[in-house]
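Asker: Handing you this structure, nothing more for now.
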Ligand SMILES: [Zn+2]
């Protein structure tokens, strides 16, 4: 596979580290409960089709990216820095 | 030396001026440049090439290409011995040495052919049925027995003396296959100026044009081939890669290929690789891989002398070899008749032609008459006779009359299977095409097109047409303007009528479906009878298609027979999915130079060469090669370590600690960020001070520890353990970019920018004074324990000084820009000469940290919590931090969970071993009685006994108890006393001196 890093261009997948589903949100703060945290840490759907997931460009720019990948075909239809996503949702 | 008695007088693409001498089974032969091992042996009259896998039946050459199931040999000898190489693809070279496989004591006289008599025991599923019980017998008795009887070649068992390379290529269009379809595609695409790579596994480009006497544009096809190769060579963006097998298609247009750079010489020239593993990134690809001919299943169809009809054409036309003198052609379609005319043209007698079809073109009848062959229409070959060599066939004609036809070669033509493997590597299933009577590529991976025979478009005209069209289409798809279309070359006429016969019933004897794995039609019947009817079950139960040839000649026939037995259509049965590699790939080609010490990058600390000058011993620790110790002449390992430890504890020592991870963290929220990633608090840390921190993974287990210094209000320098430097950086970036992007913080690794040296021992300050610029006051009062400041050394060289200690002594770590590392070390040695300063290595460092109970890599094993490590009280209850909630889980806070404590040998001279498990004295050393495990051990020259750290149930409440440390792997069983994990200077007085 190849991933088009927004900073570095089209790079081989060996440069990246995978970190699974990008949708779960960490339950931040002192009020978070153990149950919710457990779900965040361990429970993931085994998606069939489009999957938004984290990839870390470890061998280059150190950016955490959100990659939309079809788990059936490995076709990737978008890649963007995770920072942009967060900024987008909170602004 | 044997004469090449079966070499035709003329013709063939061999260089008769260049004779090559080679050996097979110890006997010397001669062949020509341009031969394969198979063609050269055939020219010398050799028919018997090996013994079959299970039944040790004599086997000869069956094909002329990569599909060969029989003629597998051990190539070369000694460390270069390569088992299971296909004689049909080995390019002949001077001095080639090959041996037949799987025979004992000799190829012609094989005692184990008796397996054939015991064959009822070796039918499908026999492994599963026969050797079930008792379990212990499998490993000791059955497996060695079967392995001796049934097998392939032997691995060399020596280190491969040759080099392999990895290489990368990028292109617009990759053309796979150098036959007429591939060449015409490369030409049509290449003329546009696009970047083209054409690969063919063969050492000569041309594909079927090398094997057949055909015409293009009214001239011999060889003329078109020569002109095409000349034009392709003239195009600067076209790269022709013969001897290069594209073995796999991976995601996003990435192809794996192996270039056999020097497989056609005995020993690669100096500095050249034997093979080169390519990764080819292609925007588009055209699969023009041709097709593989199918056998027919009938008793004795494996006898040496039975050969695919297309292979017969190849041996005659390409290699100028007479594959037999009396030939019977058994065909189920028009294509077999091409072999008849080629045989006749070469002056070889065709005794009989058996065409299974009752209606055939009158032109074929006329051809049979012209060559003087007896013609059986609607007939079949029922069985074969002969020992190591075909002597005759039994033909059953349309009226069921049997005739014995003497012959020494039977050419079998049953249609072709498109070589569609790569089209299915992405999971696409092949689909049955009734008209072509073959599986054709189904849904294609994006960017891939299929041309010619690989798409079951079997005529030469279609191959040329497909190639020309797809070549232009593919470049157009990537935005390159193709040149104007030219007229597709014309060819002589060709008909491809076919009515395949999958198997012939009625004869007696074994009829093989999979030659390499010795799977017969009876095995397929048995599988059907026992309910293993799905394609995948059939394959696994019978092992059909699971040999090194991966069923290139057998899969489709196996399916067809199963369909027939089940009364279903082949199209309903489906087919298995092909997976890479298309042909076997040597691990060396995948590893390239990454083996031995080059398996991974080697990182050297800044003072490595200085350590070499001192005669240090080194140890590989992860990617790093670090100084283990600095032995003096005649000093053994333990004495060296003891001397280094005592030198530090009583005087002063220096050690390069640059390998520690160093992460620079800045920004107005830097402190808040540390609060969230560490379990302990950071808000109270003043500028100019360092603090020890522990970080958890989100699942509550410890990730790493280290000291972090506050160099300025919003500027921190974090250190990590050597092993976790990368992991911690990734984690911090995750925390920042994913979890808390709104924190104003900047994180960058500076591990390689700074050389860092530990100066440890009671005299360390005295030594430091010799290198630190005098304006910096490093007195105990002004620079106390845990001070951390930016200073200068050696006259204004920027540096960072930290008063931290891993050894438990008065100690400092001094960092300078990496290029100053060696100069700093030399300056320290000079400044410390008066104090007998001693360089110490990783081992002494380890002894001292164990004496102090400091945890290290073996304690951070991913299964230990902060509480297990004795850091429970550091966990802040006033803030949220990564891992906080998960660390509170019930099982992680059980009071009897193994916790860190120290251990010492009861008999002080009994060495301890890390990895030993604890059991109470008097109890059996079994899992139920497990009390914990030992993680770090050392001989302490200060305590004069063996000491250890480890995790013990209720550890801190058991001080003074005696317990066994049992290590069944290394046969160790030592009684130890549980004690505090801090063995030396428990009050920590020495730190503050
Ligand atoms: Zn990047």
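Coordinate-derived values only; no laboratory data. This structure is a prediction, so every number in the text was calculated from the model and none was measured. Neighbour counts run over all protein chains shown; Cβ positions are idealised from the backbone, glycine included.
Asker: Give me the extension gain from residue B:231 to residue B:385: residue separation times 0.36 nm, minus the current Cα-Cα distance, reported in nm with one decimal.
Answerer: Working: separation 154, 0.36 × 154 = 55.44 nm, distance 5.03 nm.
Separation in residues times 0.36 nm, less the Cα-Cα distance, equals 50.4 nm.
Asker: In deg cm²/dmol and to the nearest 500, what is the mean residue ellipticity at 222 nm of chain B if only DSSP H runs of at least 4 residues count, each as -39500 (n - 2.57), divided by the residue total?
Answerer: On the way: 21 runs with 194 residues, N = 993.
Per the formula, -5500 deg cm²/dmol.
Asker: Measure off 7 Å from each Cα along the Cα-to-Cβ vector at residue B:155 and residue B:251, then give the distance between these two points in nanometres to one decimal.
Answerer: A separation of 3.0 nm, rounded to one decimal place.
Asker: Then there is this: So if we plug the beta-carbon distance of residue B:926 and residue B:797 into 1/(1 + (r/R0)^6) with R0 = 56 Å, what FRET efficiency do we get, rounded to 0.05?
Answerer: Numbers: r = 60 Å, r/R0 = 1.08.
Once rounded, the FRET efficiency stands at 0.40.
Asker: Moving on. Cut-off is 10 Å between beta-carbons; in what order do B:47, B:595 appear when sorted fewest neighbours first? Intermediate results must be reported in sequence, preceding the final value.
Answerer: Working: B:47 22, B:595 14.
By the 10 Å Cβ count, ascending: B:595, B:47.
Asker: If the chain between residue B:989 and residue B:13 were fully stretched, how many nm would it gain, using 0.36 nm times the residue separation less the Cα-Cα distance?
Answerer: Values: separation 976, 0.36 × 976 = 351.36 nm, distance 8.75 nm.
Here the answer is 342.6 nm.
Asker: Suppose R0 equals 60 Å. What FRET efficiency, 1/(1 + (r/R0)^6) with r the Cβ-Cβ distance, do residue B:742 and residue B:775 give to the nearest 0.05?
Answerer: Numbers: r = 41 Å, r/R0 = 0.68.
It comes to 0.90.
Asker: Would you kindly state how much longer the chain becomes between residue B:713 and residue B:272 on full extension, computed as 0.36 nm times their sequence separation minus their alpha carbon distance, in nm to one decimal? Kindly include the intermediate steps, with their values, before the conclusion.
Answerer: On the way: separation 441, 0.36 × 441 = 158.76 nm, distance 5.73 nm.
Going from the current span to full extension adds 153.0 nm.
Asker: Order these by the 10 Å Cβ neighbour count, fewest first: B:234, B:392, B:910. It would help to have the intermediate numbers written out before the result.
Answerer: Values: B:234 9, B:392 19, B:910 16.
Listing B:234, B:392, B:910 from fewest to most nearby Cβ atoms yields B:234, B:910, B:392.
Asker: Kindly list the residues of the range B:183-220 that lie in the label zone of residue B:485, defined by a backbone N under 17 Å from the point 7 Å along the Cα-to-C-beta vector.
Answerer: Once the point is set 7 Å along Cα→Cβ of residue B:485, B:184-192 turn out to lie under 17 Å by backbone N, inside the range B:183-220.
Asker: Something else: Roughly how tilted is helix B:842-851, in degrees to the nearest 10 and between 0 and 90, from the longest Cα axis of chain B?
Answerer: Here the helix axis deviates by roughly 50 degrees.
Asker: Among A:8, B:655, which comes first, then next, by fewest other beta-carbon atoms within 10 Å?
Answerer: Values: A:8 14, B:655 30.
Fewest-to-most ranking of A:8, B:655: A:8, B:655.
Asker: Once label points are set 7 Å from the Cα along Cα→Cβ at both residue A:19 and residue B:619, what is their separation, rounded to one decimal in nm?
Answerer: Distance between the two pseudo-spin positions: 3.2 nm.
Asker: Moving on to the next point. Tell me, how many Å apart are the Cα centres for the range B:680-707 and for the range B:587-631?
Answerer: So the separation of the two Cα centres works out to 31 Å.
Asker: Here's another thing I want to ask about it. Treat each spin label as a single point 7 Å out from the Cα along the C-beta direction, and report the residue B:907 to residue B:880 distance in nm.
Answerer: Here the modelled spin labels are 5.7 nm apart.
Asker: May I ask for the distance between the Cα centers of the range B:522-582 and the range A:1-39, given as a whole number of Å?
Answerer: 43
Asker: Give me the angle, in degrees from 0 to 90, between the Cα long axis of helix B:555-566 and the longest principal axis of the Cα atoms of chain B, rounded to the nearest 10.
Answerer: 70
Asker: Here is a follow-up. To the nearest 10 degrees, how steeply does helix B:180-190 sit against the main Cα axis of chain B, on a 0 to 90 scale?
Answerer: 50
Asker: Can you grab the distance from the C-alpha centre of the range B:870-902 to the C-alpha centre of the range B:762-834, Å, no decimals?
Answerer: For the range B:870-902 versus the range B:762-834, the Cα centre distance is 36 Å.
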